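Every number here is computed from the coordinates shown, using simple stated rules; none is lab data. What you are looking at is a predicted structure, and each value in this text was computed from that prediction instead of being measured. Reconstructed Cβ throughout: ideal geometry from the backbone, glycine too, with neighbour counts over all protein chains shown.
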Amino acid sequence: MTSKLPNFLLFLSIFSLSVALAETFPQPPELKPDIDFWVSIFTRYDSNEGVLHDNRNLGVVYERLDMPSTLSRKARQRGITEHRKALQAVLRVLASGKRDELSAEEARLLALWPPDVSNATLKAAVNRIRYQQGLSDRFRQGLARSGRWRTFIETEFSALGVPVELAALPHVESSYNPAARSHVGASGIWQFTRSTGRRYMRVDHVLDERNDPYEATRGAGRLLAYNHSITGNWPMAITAYNHGLAGVRRAMRKYGDTAYVDILRKYNGRTFGFASRNFYVAFLAAMTVDQNAETYFPGVTTESALNYDLAELGGYIPASDISRALGMTPTELAKHNPALQPTVWQGSKLLPKGFGVRVPAQSLSKPLAELLAGLPSDLWASKQLPDMFHTVVRGDTLSQIAEAYDTRISTLVALNNLGSRHRIRAGQRLRLPAAGPAPAAAAPVTVAAAIEVPVVASVTEAATEKAVIEEITPAAMASEPVTTVEALRTALLSDPSDYSVTSDLTIEVQPLETLGHYADWLGIRTQRLRDINGLAFRTPVAVGQRIKLEFPEVDMGTFESRRVDYHRNQQDHYFREHVIAGASEHVIRRGESIWILSLRVYKVPIWLFRQYNPELDLHNVRPGMIVRFPTLVDSDRS
């Protein structure tokens, strides 16, 4: 008689895993229509088609549209607008109360809603019709590409205590395309913004490790682990990856830490738009497809991981010399080392000391470290080339550029004959002090005059890929230009501090802030703030204290934007020199001071300590309390 015990144990094991997964990534039944919607976008519709749907009730899909890639962007938008207007006209008729003698189209649309749908609901739906382009072809390509890094991601995440299922997140962010760039400046398979990326990796004009899938994976794992330490659950930690910790914490305070349905359905934070509201359910859909790839994409095969040899550079060296020594073209070397910036390939910067060069092992005649050690000593330099020019990218400001190169705004204005410190443009090439004054008769140097940079794909292919990624990935679910609200949301995604003004016109004092700062951002006198808050002259404000404001000169949005810009600049400056490598816990002992522990023992600024302990009252710390300190390492920016 054959024993059935092994089969039972297998069933029990699978059941236990399913239960654990459901606890880690809960899927309330109310969210099933949303998950099903994204599964269909990922698997049924490709990038030459899409659907018009209700942006709040994703189970309501009005119409499928053909939108071939041969159509211009303008033609696509025109077609979408025409179909949207036709649907709106029908919904208005139904919202007026019509339920009898319906036309075929009226009956079709009405049937998409519950039988007892109200006129008010239909009226609200008129302005909620949204177009979503299909992603099935991109998802299939992403599944194939994911094999290059999947084992590495799961190993890194396991070491950090991050669920390996989160390896499905790049399907939502970038379709696992290392060349993906978003309209808000996010980059790489994990779509780090510049400010968030700098917390965990090197991001500057020599190296941008956001574009290296390996370095970015380490950063993503640390960021996700940090988000979870603040939110306490994975649905909100994942939502914070897109929306930011501050906004997620506000939603959790309003509805409850695990009120996922209420938060995703009802929370109306000013920056909590469609992308943020759908990020977790899109992840759940991507995870479902990822775990059942053969079911949704029969015959799909994943690429194998390349076997790389990695060696750190002992000095600085030109890209042309190391390419020649390794028997590779610069384009080939760039393909396997995507963190290296155009400045390196143009020759204005050297490959930096300590950089880990990655080369396919099968292409080498001997170990990489041995090849590098055998290079002539005269190829190596002991220091980096001085910065001569800076090419402006979207989001740059003159103050940020001046800070990055340790110079003054006035110096940049003078060297580049700028008419205004507020007017620089993407693509503009600015002279830096090391280049000296521009020749009197010389024409301005533009990016077009720069040396051609080797890229992984051809210029045409790369440009096309970028345009498609920006338009259709779920992480960039809206294709509109960057707004002030969106810029505000993405400025400090990893900062859980609340920089918003509440309905009673008060704010919570954060580290690095003074009454003078508030007065400057408001355009009023500091004494006026003292009068409003009953503060005596020279009385300092304390972190955590609430201060009342008034807005006679600027609106709340302007104040919040100025406040966030101040903290972003402070944090960007700090993270140019330091990178977060992890975190550790400390049990407070009798007589210990948070300020001494932070600044002297762990060498962490108070503002960063508070970000790791956002609920802690700094003025009420008792023995036995457990606090967290980030582990920092220096970032070599040479």
*With r defined as the distance between the Cβ atoms of Arg99 and Arg265 and R0 fixed at 25 Å, what FRET efficiency is calculated, to the nearest 0.05?*
0.40
*Tell me which residues come under 5 Å, amide H to amide H, from Arg358 once H is placed; ignore anything under 5 positions away on its chain.*
none
*Could you tell me the largest-minus-smallest coordinate of the C-alpha atoms of the stretch 48-133 on each of the three principal axes, in descending order and whole angstroms?*
42, 23, 17
*asked:* With θ taken as phi - 60° and the coefficients 6.51, -1.76 and 1.60, list the Karplus ³J(HN,Hα) couplings across the stretch 240-251 in order, rounded to whole Hz; mark glycine and proline as x.
replied: 5, 4, 9, 8, x, 5, 4, x, 5, 5, 4, 5
*Lys85/Asp137 FRET efficiency (R0 25 Å; Cβ-Cβ; nearest 0.05)*: 0.30
_Difference of contour (0.36 nm per residue) and Cα-Cα distance, Leu112 to Arg425_ = 107.9 nm
*asked:* For Cα pairs less than 8 Å apart in space and 6+ apart in sequence, what is the mean separation divided by the residue count of the stretch 577-634, i.e. the relative contact order in percent?
replied: 60 percent
*Provide the per-residue ³J(HN,Hα) series for the stretch 109-115, in order, calculated from phi with Karplus coefficients 6.51, -1.76, 1.60 and θ = phi - 60°, each as a whole number of Hz, with x at glycine and proline positions.*
5, 5, 5, 6, 9, x, x
*asked:* With an 8 Å Cα cut-off and a minimum separation of 6 or more residues, compute the relative contact order for the chain in percent.
replied: 14 percent
*Working out 0.36 nm times the residue gap between Ala144 and Glu370, then minus their Cα-Cα distance, what length gain in nm do you get to one decimal?*
78.0 nm
*Can you find, among Ala120, Ser40, Ser635, the residue farthest towards the positive end of the dipole of the chain? Put +1 on the C-beta of Lys and Arg, -1 on that of Asp and Glu.*
Ala120
*Which distance in Å, rounded to a whole number, links the C-alpha centroids of the stretch 254-284 and the stretch 296-372?*
41 Å
*Which ordering of Ile322, Ile189 is given by a fewest-first count of other beta-carbon atoms within 10 Å?*
Ile322, Ile189
*Say a paramagnetic label sat at a point 7 Å from the Cα of Tyr574, along Cα to Cβ; which residues of the stretch 187-202 have their backbone N under 13 Å from it?*
199-200
*³J(HN,Hα) across the stretch 368-385 via Karplus (A = 6.51, B = -1.76, C = 1.60, θ = phi - 60°), whole Hz, x for Gly/Pro?*
4, 4, 5, 5, 5, 5, x, 5, x, 5, 6, 7, 8, 10, 8, 8, 6, 5
_Amide H within-cut-off set for Leu432, under 5 Å, with H built and near neighbours excluded_ = Phe389, His390
*the stretch 42-62 residues near the modelled His183 label - backbone nitrogen below 20 Å, point 7 Å along Cα→Cβ*: 47-56
*Could you sort 597-604, 564-571 so that the peptide with the highest average Cβ count within 10 Å comes first and the rest follow in order?*
564-571, 597-604
*In nm, to one decimal, how far is the modelled label at Leu505 from the one at Ala325, with both set 7 Å along Cα→Cβ?*
6.6 nm
*Under a point-charge model restricted to the Cβ atoms of Lys and Arg (+1) and Asp and Glu (-1), what is the dipole moment magnitude of the chain relative to its Cα centre, in debye to the nearest 20?*
1200 debye
_Alpha-carbon centroids, the stretch 146-223 and the stretch 614-638: separation in whole Å_ = 25 Å
*asked:* Suppose the chain between Asn417 and Glu592 were pulled fully straight at 0.36 nm per residue; how much longer would it get relative to their current alpha carbon spacing?
replied: 57.6 nm
_Label selected from (i) 27.1, 97; (ii) 35.8, 154; (iii) 25.8, 76, the criterion being Rg and Dmax of the Cα atoms in Å as computed here_ = (i)
*Amide H within-cut-off set for Tyr62, under 5 Å, with H built and near neighbours excluded*: Leu52, His53, Asp54
*Pop a pseudo-label 7 angstrom from the Cα along the beta-carbon direction at both Thr151 and Thr407 and give the gap in nm to one decimal.*
4.7 nm
*Based solely on its DSSP helices, what 222 nm [θ] is calculated for the chain when runs of n ≥ 4 H residues each add -39,500 (n - 2.57) and the sum is averaged over all residues, nearest 500 deg cm²/dmol?*
-13000 deg cm²/dmol
